[in-house]
Amino acid sequence: MPDSVTASSAPLEFIDLGAQRRRIGVRMDEAIRRVVDHGRYILGPEVTELERQLAEFCGAKHALSCANGTDALGLALMALGVKAGQGVIAPSFTFAATAEVIAWVGATPIFVDVLEDSFNIDPASFEAGIATAKRLGIEPVGVIPVDLFGQPAAYDEVLAIAKANGLWVLCDAAQSFGAAYKGRPVGTFGNMTTTSFFPAKPLGCYGDGGAIFLDDDDTTAVLKSLRVHGQGTDKYDNVRIGMNARLDTIQAAILLEKLAIFADEIAARDKVAARYGEALGDVVHVPQLAQGSTSVWAQYTVRLPAGRDRDAVAVRLKAAGIPTAVYYAKPLHLQTAYRDYPAAGNGLPVSERLAGEVLSLPMHPYLDEATQDRIVEAVRAAVA
Ligand SMILES: Cc1ncc(COP(=O)(O)O)c(C=O)c1O
């Protein structure tokens, strides 16, 4: 550290992956080494073991690993047989992958609004989205609720509306694997659930990775085939159009080591979030958990009070060595690639407002109390 930079002004990490490495780096290196030694880099034994442990962790009957969280969604839509002329409802305030995959399979994303407290799909807007699709002559077939920033969507309401309208439910849990809704773990809702193991996710690997969770045996068999080019029992007779979407064995080995400490890390994240909530609740809108929900705090995202200049706040925080991020500065229905797709009702005012107010603070399980206090003081000063 240069002399002029004191410990209290040195820039912090937004997500400190190095701290986790200091805890389990040796075990991780040994796990990687074991894969290099046995050489079964594709669908090796660690992949099978990871799938077993992931399913056990969340209580789904099947967990199928794949190359990333986007492919997980895409594979699920392919297995559901989604096609052109059909519409899939998705929140606009999410990462692009949620809607991108709908367009991949030739269907139409129908964007709906979110609730300002949870950042998750608004059940009333979901219903309006179904009506909008029908009015436009698009057959609504399913919905992709997203568990934004780590908190599960309002599954009771979403599942009831989907059921009443004959829609399937594909849960995008890229940010929420490890969380629970009314005592039930994410991974066990709807027809299927997908997640991402992108390095910055609460359970992240050292590259790209993802998984699909489901109970149905037949769909699992289809997904296994789709993941390897649509192969049949004879690997040279492909029985459907698929893709190459396997998780590397090395990533599975890394995830096994991380899964072993995941519950402990979730508890640590929860403590950080609780302290942030107590210390910042009077100066910014801190995230609210719905009764009975837990979060894995993929992001700790606050909303600045109306009228605050977010860029100026972020600049002040950066000067104090506190990195921040904006998820998401532009809702999907306003983005170039997506703006010609339909949106429910009369626009999506909550998504548009949130995009201008949100600011995510550093969050990871190894954020010690002194560092949190430094962040809290800096945020308080920056919004004053
Ligand atoms: C809500 C959401 N869905 C899907 C994805 C896609 O996951 P991946 O980056 O592993 O493809 C992400 C990743 O950031 C995400 O946040």
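Just a few scattered comments:
- Three-way shape call for the chain based on the alpha-carbon gyration tensor, with the a/c threshold at 1.5: oblate
- Considering only Leu359, Val222, Phe177, and ranking their Cα positions along the charge dipole of the chain that arises from unit charges at the beta-carbon of Lys, Arg, Asp and Glu, the one farthest toward the positive end is Val222.
- Highest-fluctuation residue, Leu12, Leu226, Leu136 considered, GNM on the chain with Cα pairs under 10 Å: Leu136
- Within the range 288-384: Cβ-based charge dipole about Cα centre, in debye rounded to nearest 20 (Lys, Arg +1; Asp, Glu -1): 220
- In summary, the lysines within cross-link reach of Lys224, defined as a Cα separation below 23 angstrom excluding same-chain residues under 8 places away, comprise Lys61, Lys83, Lys235.
- Relative to one another, the C-alpha centroids of the range 175-248 and the range 74-109 are positioned 16 Å apart.
- For the range 98-212, alpha-carbon Rg relative to the globular expectation (2.2 N^0.38 Å, N residues): 1.06
- The aspartates and glutamates whose alpha-carbon is closer than 20 Å to the alpha-carbon of Lys134, local same-chain residues fewer than 8 away aside, are Asp113, Asp122, Asp340.
- Charge dipole of the chain (Cα centre as origin; +1 on each Lys and Arg Cβ, -1 on each Asp and Glu Cβ, all else neutral): 320 debye, rounded to the nearest 20.
- Choice from Ile250, Ile161, Ile212 showing the highest fluctuation, given a GNM over the chain with Cα pairs closer than 10 Å: Ile161
- Highest-fluctuation residue, Gly129, Gly207, Gly150 considered, GNM on the chain with Cα pairs under 10 Å: Gly207
- Placing +1 on the Cβ of every Lys and Arg and -1 on the Cβ of every Asp and Glu, with nothing else charged, gives the range 271-342 a dipole about its Cα centre of roughly 120 debye.
- Dipole of the chain, positive direction: furthest Cα of Gly129, Ala245, Gly209, with charges on the beta-carbon: Ala245
- The ranking of Arg27, Arg316, Arg339 by Cβ neighbour count inside 10 Å, starting from the fewest, reads Arg339, Arg27, Arg316.
- Think of the range 247-330 as a dipole: +1 on every Lys or Arg Cβ, -1 on every Asp or Glu Cβ, centred on the Cα centre; then among Val315, Gly277, Ala325, Val315 lies furthest on the positive end.
None of the figures in this text is laboratory data; all of them are computed from the coordinates on show. Computed from a predicted structure; not experimentally measured. Backbone-built Cβ (ideal geometry, glycine too); neighbour counts: all protein chains shown.
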